[in-house]
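Have a look at the structure below, then the notes.
The values are calculated or read from the model by the stated rules, or taken from the named source; none is laboratory data. Everything numeric in this text was worked out from a predicted model, so none of it was measured. FYI the Cβ positions are ideal-geometry reconstructions off the backbone, even for glycines, and counts take in every protein chain you see. In case anyone asks, the SASA skips ligands and DNA or RNA and just uses the protein heavy atoms, side chains included. Shrake-Rupley method; radii C 1.70, N 1.55, O 1.52, S 1.80 Å.
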Amino acid sequence: MTALLLEDDPDLSREIQRFLLLKKIECDTVFDGELFFRQIKKNDYDIFLLDINVPRINGLDVCRQVRESNKLTPIIMLTAYGDIQDKSDAFGLGADDYLVKPFHFEELFLRITSLLRRSNTPQDADSVMVIDDLEINTTEMKVYRKNELIDLTPKEYQLLLTLAKAKGRVLSKQSIAEQIWDIHFDSNMNTIEVYINFLRKKIDRNHPTKLIHTRPGFGYYLKIED
């Protein structure tokens, strides 16, 4: 496994790099956004780890630019900014996960391995799931509504697919967290709400028939309401 770390604190950068090497993850480091883009032209990486407050091109802009051409490589934001709006901004730009400093390196490793395992899991072959006028092509990992392609981030796609596979059953936040993030922390419950809101804007907002629903106190489900 290979990681590229964008971090302008040299001590923290070295510590993360040493830790990941002990975990058999090769880790290259850069300290500003311009160097990041030079580096990804030289090498391919399995995952990106991005601090937000770095010189020249900040981590959020790096995330946005990466997602314009690369929808699949997982991105974890590593930052001191912990407000829900900061997380919402990062997820909206395509980040897959978000760790607030200071964090335990073991937690970082768990999140890396979780994302890499999911990104390498083969999809169901030659399968198209249809719910009303919504189509999910699990072979091409593309989503259409009324034959119009919907641009989803990898995590948004995974959440939609998880809801679709439940076939109308209500999924709790805890169940969603375990299936998509492999994390059992209450701190990720707000993250799920953020992603549900993202999905609703992309899947339901411009359509009279709403497919994503909330059962207060229980969770979320995807179906055509009677």
So the carbon and sulfur contribution to the accessible area of region 50-157, 1.4 Å probe, in percent, is 49 percent
Over the chain, the sum of -39500 (n - 2.57) across DSSP H runs of at least four, divided by residue number and rounded to 500 deg cm²/dmol, gives at 222 nm -12500 deg cm²/dmol
Among (i) 18.4; (ii) 20.1; (iii) 18.8, the entry matching Kirkwood radius over Cα pairs in Å as calculated here is (i)
Ranked output for segments 137-146, 91-100 by mean other Cβ atoms within 10 Å, highest leading, reads 91-100, 137-146
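Could you provide, to the nearest whole Å², the per residue accessible area of the chain with probe 1.4 Å? Could the numbers behind the result be given before it?
Working: 11680 Å² over 226 residues.
Averaged over the residues of the chain, the accessible area is 52 Å².
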Once normalised by the length of the chain, the mean sequence separation of its alpha carbon contacts under 8 Å that are 6 or more apart gives a contact order in percent of 13 percent
Along principal axes, largest first, the alpha-carbon spread of region 49-97 in whole Å comes out as 27, 23, 14
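Sort 158-166, 19-27 by the packing proxy (mean of other Cβ within 10 Å over each peptide's residues), most packed first. The partial results should precede the final answer.
Working: 158-166: 20.6, 19-27: 14.8.
Answer by packing, highest mean first, reads 158-166, 19-27.
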A student applying the Cα gyration tensor rule (rounded when a/c is under 1.5; otherwise prolate if a/b is larger than b/c, oblate if not) would label region 1-82 oblate
